[in-house]
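Below you'll find the structure, written out as structure tokens, and then a few comments.
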Amino acid sequence: MTDATSLTDKVAIITGGAGGIGSETARLMARRGAKVAVADINLAGAQEVADAIGEQAIAVELDLGSETSIRDAVAKVVEAFGKIDILHNNAALAGRTLALDGSIGDMPTEVWDQIFAVNCRGTMLMTRECLPHLIATQGSIVNTVSGLGLQGHVRQAAYSATKAAIMQMTRSIATAYGPKGVRCNAVAPGLILTPTTAKDFPDHWRRNVEAETPRGIVGAPEDIAEPVAFLASDAARNITGQTLASDGGVSIHVPGFSSYAKTAWD
Ligand SMILES: NC(=O)c1ccc[n+]([C@@H]2O[C@H](COP(=O)([O-])OP(=O)(O)OC[C@H]3O[C@@H](n4cnc5c(N)ncnc54)[C@H](O)[C@@H]3O)[C@@H](O)[C@H]2O)c1
């Protein structure tokens, strides 16, 4: 019997493939048999990830803020591998720009525009460019969104709005292209420890999140790579238009969970 989670003979593009979550997804998809294009604005980082995977991986320079760069990157993947079966829309702006992404009252217009240009417009353009190839292979799209697209926060208003928009894009794409054989799903991570979040998230923030997390710890990149690889595979052939939270349960409980948890179990 064939294993439906196998990705043998599939070709996957992973945007943000040099990053913490994208690089883990690239490694996992390659272990499951896929040829992977590690696409990132950080070409040196993407090259490092691709080199470590070996000959079934290539690095591709991609700036989601540029339509030309998106066209060139997709053409390069098709030239190298002949087709595209899986698009993992995973890259997003992080770091310094997000530090300026506060609440709406003091939002710099250019920060809002830049975050939307990369996260939201970039995801739309990347998907539009890949769709003819995905229709040809009856392929699958998996978008990385965020718990912040589902819940309110006192900061990151622009980032959160882009992630909510991508969840709706997920449903629109699934509905419009399901009849043409293309599925589209999303994974919503809670806090995941990557080199970026380890740097940007002070320890006391992480401990606050863990106190509110039924699992008790924050996630690791493989906690996102696994559901992404599953949703991209034929094992998920009956699943489309869904957003799956991988967050240790932080988004599902009643308010005051952390104090109930203390009185019940300490
Ligand atoms: N780590 C978390 O806690 C967490 C939580 C929720 C959602 N997410 C989402 O997971 C995804 C991956 O994040 P990560 O934690 O691996 O972050 P990361 O910073 O490690 O990776 C992001 C990658 O995107 C790339 N990138 C940035 N701008 C780009 C552009 N214009 N064009 C192409 N590539 C670009 C970066 O170079 C980087 O390699 C993002 O969509 C992020 O919003 C992460």
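Results, tabulated for the structure shown:
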read-out	value
Degrees separating the helix 222-232 axis from the principal Cα axis of the chain, which is the longest one	40
The range 11-265 - Rg (one decimal) and Dmax (whole number), Cα, Å	17.9, 60
Residue-averaged 222 nm ellipticity for the chain, from DSSP H runs of 4+ at -39500 (n - 2.57), nearest 500	-14000 deg cm²/dmol
Rg and Dmax of the range 78-170, Cα atoms only, in Å	15.0, 48
Hull volume in cubic angstrom per residue (convex hull over the Cα atoms of the range 136-266)	130
Extended-chain gain in nm, criterion 0.36 nm per residue less alpha-carbon gap, residue 72 and residue 257	61.8 nm
The chain: Lys pairs at Cα distance under 24 angstrom, eight or more positions apart or on different chains	9
Cα long-axis angle, helix 43-53 against the chain (0 to 90 degrees, to the nearest 10)	80
Debye-sum result for the range 143-190 in log10 I(q)/I(0), which assumes one identical scatterer on each alpha carbon, at q = 0.14, 0.25, 0.27, 0.32 Å⁻¹	-0.36, -0.82, -0.90, -1.10
Interchain or long-range residues, amide H under 5 Å from residue 188's placed H	145, 244, 245, 246
Geometric extent, Cα atoms of the range 160-235 - Rg, Dmax (angstrom)	15.6, 48
Nearest-ten-degree value, helix 20-31 long axis tilted from longest Cα axis of the chain	40
Rounded Å value of the spacing that divides the Cα centres of the range 211-266 and the range 1-49	22
Neighbour net charge for residue 46 - beta-carbon separation under 10 angstrom, K R +1, D E -1	-4
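Throughout, read-outs are computed from the coordinates displayed, never taken from laboratory work. Keep in mind it's a predicted model, so treat the numbers as computed, not measured. When we count neighbours, we look across all protein chains shown, and the Cβ atoms used for this are built from the backbone with ideal geometry, even at glycine.
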